1. Could you tell me how many of the residues in the range 1-45 are in a loop (DSSP other than H, G, I, E, B) and more than 14 Å from the chain's Cα centre (by Cα)?
2. Being over 30 Å from residue 127 (Cβ atoms) and modelled with pLDDT under 95 narrows it down to one of 32, 46, so name that one.
3. Please go through the range 78-118 and give me each residue that is within 25 Å of the chain's Cα centre (by Cα) and part of a helix (DSSP H, G or I), ordered by number.
4. Within the range 44-66, can one find any residue that is hydrophobic (A, V, I, L, M, F, W, C) and touching a His at 6+ places or on another chain (Cβ under 6 Å)?
5. Being buried (at least 18 other Cβ atoms within 10 Å of the Cβ) and part of a helix (DSSP H, G or I) is the filter; apply it to the range 57-77 and report the residue that is modelled with the lowest pLDDT.
Amino acid sequence: LCSPTLLNKVGGFSKPADVLRANLLHLGDTEDWARWLALSKVENPDTEGGIFFSDMNLVFSAAIAGQGIAMGDELTSRKALNEGRLVRPFDIAIKSPRSYFLVSEHAKANHPVLQAFGGWLRSKLSENRVGPY
């Protein structure tokens, strides 16, 4: 995901290897970019450069500001994509190794309020189901 401004600045991306002309924006480590570039059949990519963040909101803010290109799932980036603040230059997707969990005390796991909230949350996520990254 990147800003339209960055896309224009680098002259567009015609093939996956072209993303290496921009700063890679990383969440924590280089694993996601390494996996995406391998899936995209980019040989010997250097994923060690770029900018590293510990929070996805900062990654998206940097991407929107034109500081580089980011990995991100469509669910959390949907608003910025719909508003045109971010674009998805390729339809190549990897499955994220990350998950979300709904956690509660074991003794309260069957409480009606928690059950109702869990059911509501799962239904909302199902309504918005999109592909990975």
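1. Of the residues in that region, 14 qualify.
2. Residue meeting the stated conditions: 46.
3. Once the filter is applied, which keeps residues that are within 25 Å of the chain's Cα centre (by Cα) and part of a helix (DSSP H, G or I), the range 78-118 yields 78, 79, 80, 81, 82, 118.
4. Scanning the range 44-66, I find at least one residue that is hydrophobic (A, V, I, L, M, F, W, C) and touching a His at 6+ places or on another chain (Cβ under 6 Å), so the answer is yes.
5. If we take residues in the range 57-77 being buried (at least 18 other Cβ atoms within 10 Å of the Cβ) and part of a helix (DSSP H, G or I), then 77 is modelled with the lowest pLDDT.
For (1) crowded, with 16+ Cβ neighbours inside 10 Å; (2) in contact with a Phe, Trp or Tyr (Cβ under 7 Å, 6 or more places away or on another chain); (3) without any contact (Cβ under 8 Å) to a residue 60 or more places away in the chain, each residue gets a yes or a no:
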{"position": "4", "(1), (2), (3)": "no, no, no"}
{"position": "16", "(1), (2), (3)": "yes, yes, no"}
{"position": "23", "(1), (2), (3)": "yes, no, yes"}
{"position": "27", "(1), (2), (3)": "yes, yes, yes"}
{"position": "33", "(1), (2), (3)": "yes, no, yes"}
{"position": "37", "(1), (2), (3)": "yes, no, yes"}
{"position": "89", "(1), (2), (3)": "yes, yes, no"}
{"position": "96", "(1), (2), (3)": "no, yes, no"}
{"position": "101", "(1), (2), (3)": "no, no, yes"}
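The values are calculated or read from the model by the stated rules, or taken from the named source; none is laboratory data. What you see is a predicted model; the values in this text were computed from it and never measured. Ideal geometry is used to build each Cβ from the backbone, glycine not excepted, and the neighbour counts take in all protein chains shown.
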